[in-house]
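Written out below as structure tokens is the structure these notes cover.
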Amino acid sequence: MANRPIPILMYHSIEAMPKTTVMRSLHVSPKRFKVQMWLLNMIGYKGLSMRELTPYLEGKKTGKVVGITFDDGYQNNLINAAPILKKYNFSATCYLVSQRIGASNSWDLDKGITQRPLMTQSEIQEWLNLGLDIGAHTQTHPILEDLSEQQFKEEIFNCKADLEQMFKVSIKDFCYPFGLFNKKLIYTVKEAGYITATTMSRGRATPQSNKLTLPRMPITHHTLPHLFLAKILTKYEDKR
């Protein structure tokens, strides 16, 4: 029981998109998201933000919990996901790109991925007022490994400073853009004062996991209810 694996769910956009959408898998329909949260609640799990999940990751608390994370800060997270999270008294962390607030996912333009609006500052404040949490996802969502040391330090340190200044909350949780990281980046994230950092490495976390390279489970357009339950309850993701 003490070492129960902890699933950390990775979402992006919560919106129904046409079949022709490039990278449609990044979008989970509100209907499917609603079913997933209902399933979590039905099997006795509680959805938590990374801040609330930390004591479980540190082995200080045990229980049937999952981390719920949203990358990039899409407006549809507030419109379509927040009401469902609140219905079940779940929390979640939304990782924000501090210099793209109120804009769109411009870092995806060269891949032909559909542009969706990101939350504005007032919408993020609304998210916070609902008891939901935010984390850092750099200032501009670059590939950090491609930057100079000075540049990646600015992206990591300044995103935290931007968000703390804008929203008057402490920012303790980081997410690597595109899931890419190396030893220098991990050290910088620690140096900047983050407690957790999530990746796109597949699997469930445990109290033995490195808190600055936490694995997650991608929840996509293709994650049907039976697969969702397999991810939560079995070793399905640990073998990926």
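Expressed as a whole percent, the accessible area of region 58-110 that falls on carbon and sulfur atoms is 45 (1.4 Å probe).
Charge dipole of region 108-240 (Cα centre as origin; +1 on each Lys and Arg Cβ, -1 on each Asp and Glu Cβ, all else neutral): 740 debye, rounded to the nearest 20. A simple spin-label model places the labels of Lys61 and Thr20 4.7 nm from each other, with each point 7 Å out along Cα-to-Cβ.
Taking Cα pairs under 8 Å and at least six residues apart, what relative contact order does region 38-84 come out at, in percent?
RCO, region 38-84: 34 percent.
Here region 139-236 has 55 percent of its accessible surface on carbon and sulfur atoms, given a 1.4 Å probe and all protein chains in place.
Going Cα to Cα from Lys64, which lysines come in below 17 Å? Please leave out same-chain ones fewer than 8 positions away. Within the straight-line limit of under 17 Å, Lys64 reaches these lysines: Lys46, Lys231, Lys235. Assign one of three labels to region 55-192, namely rounded, prolate or oblate, based on the Cα gyration tensor with a ≥ b ≥ c the square roots of its eigenvalues; rounded applies when a/c is under 1.5, prolate when it is not and a/b is larger than b/c, and oblate otherwise. In terms of gyration-tensor shape, oblate.
With 0.36 nm allotted per residue and the present C-alpha distance subtracted, the Asn41-Ser104 stretch has 19.5 nm of extension available.
Using a cutoff of 8 angstrom between alpha carbon atoms and counting only pairs six or more residues apart, the relative contact order for the chain works out to 22 percent.
Amide H to amide H distances under 5 Å link Ser91 with Gly47, Leu48, Ser49, where only residues 5 or more positions off or on other chains count and H is placed in the peptide plane. Over region 1-142, Cα pairs under 8 Å with separation of 6+ residues give a relative contact order of 25 percent.
Roughly what % antiparallel, to the nearest 5, for the DSSP beta bridges in the chain?
Here the antiparallel bridges make up roughly 10 percent for the chain.
Full-extension gain between Lys183 and Gln151, please, as 0.36 nm times their residue separation minus the C-alpha to C-alpha distance.
9.9 nm
Among rounded, prolate and oblate, which fits the chain when a ≥ b ≥ c are the square roots of the eigenvalues of its C-alpha gyration tensor, a/c under 1.5 means rounded, and a/b larger than b/c means prolate? Rounded, because the longest to shortest axis ratio a/c is under 1.5. Rounded to the nearest 5, the antiparallel percentage of DSSP beta bridges internal to region 92-211 is 10%.
Which of the three applies to region 108-163, rounded, prolate or oblate, going by the alpha-carbon gyration tensor with a ≥ b ≥ c and a/c under 1.5 meaning rounded? It is oblate, given that a/c is not under 1.5 and a/b is not larger than b/c.
On a per residue basis, region 34-88 carries 38 Å² of accessible surface, using protein heavy atoms and a 1.4 Å probe.
Name the residue farthest towards the positive end of the dipole of region 113-240 from the options Gly203, Gln125, Pro177, assuming +1 on Cβ of Lys and Arg, -1 on Cβ of Asp and Glu, about the Cα centre. The one lying farthest along the dipole's positive direction is Gly203. On a per residue basis, region 187-240 carries 47 Å² of accessible surface, using protein heavy atoms and a 1.4 Å probe. Ignoring aspartates and glutamates fewer than eight residues from Lys31 along the same chain, the ones with Cα atoms less than 16 angstrom from its Cα are Glu15.
The values are calculated or read from the model by the stated rules, or taken from the named source; none is laboratory data. Bear in mind the structure is a predicted one, so any value in this text is a computation, not a measurement. Heads up, the Cβs are rebuilt from the backbone with ideal geometry, glycines too, and the neighbour counts pull from every protein chain shown. Just the protein is used for accessible areas: all its heavy atoms, side chains included, with ligands, DNA and RNA removed. Shrake-Rupley method; radii C 1.70, N 1.55, O 1.52, S 1.80 Å.
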